[in-house]
Amino acid sequence: MREEIFSKEIILDYRVNEQDFTRKRKQPFSQLLIFMLNLLRKSMAIEINNFLEYLNSKLESQKVENFTSSAFVQKRKKIKPEVFNYLSSVIIDNYYVQSNENIKRFKDFRVL
């Protein structure tokens, strides 16, 4: 999943316009996706602050700059919603492989 989110192909396939996400900005494509997948529960400003604190604690070498909720909403419009269908299919494909030992099987059928 991490490889897919940080790949160049996903940016090229799921941006709205060709000009979107071509320059290095405060909110790269992958960071926006991770933030949107984070299941927002509080106000946008609180969620942004918590997210940035978490990222900055994990990424010691490069600090992530602060951004406003308005900037997030504007950048969010530049991502096609189909990206979530694609990421869902990636998760499903990786989970339901024949060699996955976590899936219970009986005579080669999944047990539900």
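The values are calculated or read from the model by the stated rules, or taken from the named source; none is laboratory data. Since this is a predicted model, take the numbers as computed values, not measurements. Cβ atoms come from the backbone with ideal geometry, glycine included; neighbour counts cover every protein chain shown. Surface accessibility is based on the protein's heavy atoms, side chains included, excluding ligands, DNA and RNA. Shrake-Rupley method; radii C 1.70, N 1.55, O 1.52, S 1.80 Å.
Before moving on, here are some points about what is shown:
- Residues satisfying the stated conditions in segment 63-85, i.e. open to solvent by 50 Å² or more (accessible area, probe 1.4 Å), over 18 Å from F51 (Cα atoms) and not polar (S, T, N, Q): K77, K78, K80, P81, E82, F84
- Among the conditions (1) surrounded by 14 or more Cβ atoms within 10 Å (Cβ to Cβ); (2) within 12 Å of the chain's Cα centre (by Cα); (3) without any contact (Cβ under 8 Å) to a residue 24 or more places away in the chain, S88 misses just one, which is (1).
- Of all residues in segment 47-82, those satisfying the criterion of being among the small types (G, A, S) and either touching a Pro at 6+ places or on another chain (Cβ under 6 Å) or without any contact (Cβ under 8 Å) to a residue 24 or more places away in the chain (or both) are S57, S61, S70.
- Residues being assigned to a loop (DSSP other than H, G, I, E, B) and aliphatic (A, V, I, L, M) - total across segment 81-112: 4
- Restricting segment 1-35 to residues that are among the hydrophobic types (A, V, I, L, M, F, W, C) and open to solvent by 40 Å² or more (accessible area, probe 1.4 Å), the residue that is farthest from A71 (Cα to Cα): M1
- Every pair of residues 6+ apart whose Cβ atoms lie under 6 Å, when the first sits in segment 3-28 and is farther than 11 Å from V83 by Cβ while the second is not in a loop (DSSP other than H, G, I, E, B): F6/S30; F21/I11; F21/R15; F21/F29; Q27/K75
- Residue list for segment 9-27, restricted to those being modelled with pLDDT under 90 and under 15 Å from the mean Cα position of the chain (by Cα): Q27
- Those residues of segment 85-112 which are closer than 21 Å to E4 by Cβ and charged (D, E, K, R), in sequence order: D93
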